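Okay, so here's the structure we're looking at.
The values are calculated or read from the model by the stated rules, or taken from the named source; none is laboratory data. A quick note: this is a predicted structure, and the numbers were derived from the prediction, not measured. Glycine also receives a Cβ, built like all others from the backbone with ideal geometry; neighbour counts cover every protein chain displayed. Surface accessibility is based on the protein's heavy atoms, side chains included, excluding ligands, DNA and RNA. Shrake-Rupley method; radii C 1.70, N 1.55, O 1.52, S 1.80 Å.
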Amino acid sequence: MSQTTSRPVTVFFCGLMLFSMFFGAGNTILPPMLGIEAGESFWPAILGFLTAGVLLPVAAIIAIAVSGRDLRQLANRGGVAFGTVFSVMVYLAIGAFYALPRTGAVSFDTAISHTWDVDSLPARLAFNAVFFGIALLLCWNPSRVLDALGRFLTPILVALLALLIVLSFANWQRSPGPGMDAPFTSGLMEGYLTMDSLGALAYGIVIVTALKLRGFDSHRHVVRGATTTALIAGGFLAVIYLGLAFVGQLLPDAQTYDSGAAVLNDAARLTMGPIGQAVFALIISLACLTTAIGLINATGEFFHQLVPGLSYHAWASIFTVAAVLMASMGLETVMAIAAPVVEFLYPPAITLIALTILEYVLPTRHTFHHTLRIPLWTATVVSAVLVAGLGDWLPLADAEIGWVIPTVIAAAAGWFVDRAGAVKEPSPAH
């Protein structure tokens with residue numbers, strides 16, 4: 001895409017790029033199982049899922065755009081120590097220790113192991129070496145990421161998913177099971193597992209940079225372009241999530257399944273005949289590959305900025321090798337290692353996103369300083385308590401959001417301190 005391309009076209013392809021970076025391993029297999037488990041409670045559950053899996057990632061992109069900062073600079077408003085540690089943990093979570101190896105592990109388990117009944121350590125190593133090698137090759141030159149994702153891979157991915165969803169509606173009638181307890185909260189927790197809210201904090205600067213390189217030369221234009229980009233990506237995500245969740249309610253005897261991968265695999269086989277499993281394998285491979293490309297690019301750029309002594313290519317290669325090794329250990333091992341870290345990171349991440357946007361839209365005369373710092377540390381501490389299993393006494397802990405009320409109270413306290421003029425000219429970097 002040249003710099004002379006019109007702004008609407010640029011924003012549209014940026015939206016496709018962002019969608020493809022979001023949509024990967026967990027995004028494919030989580031909605032069908034949610035559709036099955038939700039039963040008659042489908043709409044509250046899917047609304048919870050869309051809140052965490054679409055609304056929060058869109059808000060995160062907007063937060064990065066309105067702040068004009070990357071994740072580390074933005075998080076530094078909670079203090080340099082908070083900003084550095086938090087951003088490193090986020091990039092490690094979406095890099096070598098969870099989201100990146102998950103793309104390879106899910107791709108192998110669903111597209112290879114489930115289809116051809118092949119599962120051994122040598123087979124995993126070989127598959128992941130090829131899978132992540134292709135991803136590394138496609139993001140070796142960061143300037144080519146937009147074209148590689150937006151123009152080619154994403155349209156194929158969307159077309160294949162749409163075909164599977166349409167054929168499911170054409171062949172079967174909806175037969176939901178009984179409803180579930182606390183469907184909205186359950187959907188919300190499933191949406192967190194997509195990792196897209198954390199990933200968006202990393203992808204945001206990629207989108208902002210792409211827009212600036214293509215002629216968006218003012219802060220207002222960048223914010224508007226990034227917001228539209230995020231809404232395009234969010235729209236695609238919402239439609240696909242809804243479709244995949246309905247597949248879980250349409251597939252005959254769906255209640256007998258315990259894996260979203262198996263649901264989609266059999267849906268493809270039953271609707272497309274002999275080629276069904278091959279098509280499903282291609283769907284999974286493309287979904288996971290596009291996400292892997294975005295993750296390698298984002299983590300490589302971040303750690304190069306953090307430690308300039310190693311080049312972007314060196315960092316990208318390091319994370320690729322680490323992902324091959326981690327993914328070859330299997331999906332269950334990857335998730336067992338990283339799940340507590342991911343659970344710990346979400347409360348401060350959501351707090352940072354919400355307050356950054358709130359500061360931008362509120363007609364206040366004072367800059368958020370304590371309004372950001374106090375709730376960020378509160379969310380972090382309370383999250384650690386909850387992950388350690390010591391926070392059952394907190395309000396809303398049974399709904400998995402026990403950190404919310406303490407954080408809101410902390411934000412209100414910080415706002416009153418700022419309003420009182422305790423900090424006249426705060427420095428965002430401290």
Checklist line | Length released on extending from Trp140 to Ala126, taking residue separation times 0.36 nm less the Cα-Cα span | finding: 3.0 nm
Notebook entry, point to check: Roughly how many nanometres apart are two label points built 7 Å out from the Cα toward the Cβ at Phe12 and Thr209?
Noted result: 2.6 nm
Next item on the list: Taking the Cα centre of the chain as origin, sum charge times position over the Cβ atoms of Lys and Arg (+1) and Asp and Glu (-1), and report the length of that vector in debye to the nearest 20.
Entry: 1640 debye
Margin query: In the chain, if the dipole is taken from +1 on Lys/Arg beta carbons and -1 on Asp/Glu beta carbons about the Cα centre, which of Trp140, Val9, Tyr192 is farthest to the positive end?
Written below: Val9
Notebook entry, point to check: How much length is gained if the chain between Met329 and Ser175 is pulled fully straight, taking 0.36 nm per residue apart and subtracting their Cα-Cα distance, in nm to one decimal?
Noted result: 51.8 nm
Checklist line | Over the chain: helical MRE at 222 nm, DSSP H runs n ≥ 4 each giving -39500 (n - 2.57), nearest 500 | finding: -23500 deg cm²/dmol
Notebook entry, point to check: Can you pull the accessible area of Arg220 for me, 1.4 Å probe, Å² to the nearest 10?
Noted result: 130 Å²
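Quickly rank 126-133, 92-99 as a protection proxy: mean count of other C-beta atoms within 10 Å, highest first. Can you show the working numbers first?
Working: 126-133: 18.8, 92-99: 24.4.
Packing order, densest peptide first, comes out as 92-99, 126-133.
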Next item on the list: Rounded to the nearest Å, what's the spacing between the alpha carbon centres of the range 13-48 and the range 303-339? Just the number, please.
Entry: 25 Å
Checklist line | Degrees between helix 219-250 axis and first principal axis of the chain (Cα, 0 to 90, nearest 10) | finding: 30 degrees
Check: From the backbone phi of the range 283-293, what are the Karplus-calculated ³J(HN,Hα) couplings (6.51 cos²θ - 1.76 cosθ + 1.60, θ = phi - 60°) in whole Hz, Gly and Pro given as x?
Finding: 4, 4, 4, 5, 4, 6, 5, 5, 5, 4, 4
Notebook entry, point to check: Over the range 19-129, what relative contact order in percent results from Cα pairs under 8 Å that are six or more residues apart?
Noted result: 18 percent
Next item on the list: Apply the Karplus parameterisation 6.51 cos²θ - 1.76 cosθ + 1.60, with θ equal to phi minus 60°, to every residue of the range 307-314 and state each ³J(HN,Hα) to the nearest whole Hz, in sequence, with x for glycine and proline.
Entry: 10, x, x, 10, 6, 4, 5, 5
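By how many nm would the segment from Asp392 to Glu40 grow when fully extended, if each residue of separation counts as 0.36 nm and the alpha-carbon distance is taken off?
123.8 nm is the gain from fully extending Asp392 to Glu40.
Going by average Cβ density within 10 Å per residue, which order do the peptides 304-316, 222-234 take, highest to lowest? Write down the numbers at each step before the final one.
Details: 304-316: 14.3, 222-234: 22.0.
The peptides rank, most packed first, as 222-234, 304-316.
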Next item on the list: May I ask for the angle, rounded to the nearest 10°, between helix 56-67 and the longest principal axis of the chain, with both axes built from Cα atoms and the value confined to 0 to 90°?
Entry: 40 degrees
Notebook entry, point to check: Using modelled backbone amide H atoms (1.01 Å from N, in-plane), which distant-in-sequence or interchain residues come within less than 5 Å of Gly179's amide H?
Noted result: Glu40, Ser41
Note to self: Nearest 10 degrees is fine. How inclined is helix 25-38 to the longest principal axis of the chain, computing both from alpha carbons?
What the structure shows: 80 degrees
Notebook entry, point to check: How far apart, in nm, are the 7 Å Cα→Cβ label points at Val381 and Arg419?
Noted result: 2.3 nm
